[in-house]
Amino acid sequence: KKETFNWEEYLKETLSLPAPPSCFKQSRIPPINDFKIGMKLEAHDPRNPTSVCIATVMGLEGVRLRLRLDGSDNTNDFWRLVDSSDIQPIGTCEKNGDMLQPPLGFRMNASSWPMFLLRTLSGAEIAPCSAFKKEPEKPHYNAFKPGMKLEAVDRKNPYLICPATVGEVKGDEVFVMFDGWRGAFDYWCKYDSRDIFPVGWCSMTKHSLQPPGNSLTLPKSLAVPSCSPFRPPRRPMQSPYRLNTPLPPLPVRKGVRGRRPKSQT
Ligand code: MLZ
């Protein structure tokens, strides 16, 4: 039986509640993705946010675009929502009296930029203005509370959106903890980050949602202190939504119970 992640069951099993949609800087009715692969647009260079570059849509998932800056290599792709203020129609920069910039790490000599730009844009498919959606309003204050569930971009694997929990709230920031991953992917972000979404966002926008990892993080109140003689053996634990699958066998400690019979030779 193929297990697919289901928020309704998971929330019951973890006795937790989703963060209310009003906590997020996301539209209550997600925008429509009218972009197509290959379309060109203007985007702020993620590595140099004051400079505006030409980007090409390399992929689409839900209401997110996988973008690549023209003149950059294929190792710096990034993802933006169709209602992100980091993207705009071609011509916006010039209209504002600015100049399009080569991306950080432009693969050619800087002197060839004007000609590169000309060639890049001639005959290109330009994303229509109607595809760019207005960025939603941000909530007036940080309304997140520890324990609330959400969906969040894994910033180390930004094509992934994963189930997460608010771990801590401090001023305008929230600590996003990825369920089942022992902290390796967790991060602090502003409460109005565009990388966090209400529970149900992926299903609503037809974006894939990763299942939680399989390591179990106990809430502080239940955690066993590291000095306790009752500390359970260290072994991979399972996420609560998979607790009915068998646990892997305990590792056999060499030289205690795991001694091999003496060789017969
Ligand atoms: N397979 C990769 C991706 C992990 C994604 C975790 N997301 C919270 C890994 O194991 O590193």
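Just so it is clear, none of the values below were taken in a lab; they were calculated from the coordinates. Remember, it's a predicted structure, so these values are computed and weren't measured experimentally. Don't worry about glycine lacking a Cβ; one is built from the backbone with ideal geometry, like all the others, and counts go over all protein chains shown.
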Filter segment 82-99 for residues that are out of contact with any strand residue (DSSP E or B) (no Cβ under 6 Å at 6 or more places or on another chain) and among the hydrophobic types (A, V, I, L, M, F, W, C) and give the result.
-> Val82, Met99
Does segment 79-87 contain at least one residue that is among the small types (Gly, Ala, Ser), outside any loop (DSSP other than H, G, I, E, B) and surrounded by fewer than 18 Cβ atoms within 10 Å (Cβ to Cβ)?
-> no
Arg119 versus (1) more than 16 Å from the ligand (Cβ to nearest atom); (2) part of a loop (DSSP other than H, G, I, E, B); (3) loosely packed, with under 13 Cβ neighbours inside 10 Å; (4) not acidic (Asp, Glu): which is the lone unmet condition?
-> (2)
Which one of these does Lys156 not meet: (1) away from the ligand (no atom under 11 Å from the Cβ); (2) free of Cβ contacts under 8 Å to residues at least 40 places away in the same chain; (3) of a type in the set (Lys, Arg)?
-> (1)
Output the residues belonging to segment 190-215 that are of a type outside the set (S, T, N, Q), more than 14 Å from the ligand (Cβ to nearest atom) and over 17 Å from Leu11 (Cα atoms).
-> Lys190, Tyr191, Asp192, Arg194, Met204, Lys206, His207
Evaluate the following for Ile29: is it without any contact (Cβ under 8 Å) to a residue 24 or more places away in the chain and either assigned to a loop (DSSP other than H, G, I, E, B) or within 30 Å of Ala143 (Cβ to Cβ) (or both)?
-> yes
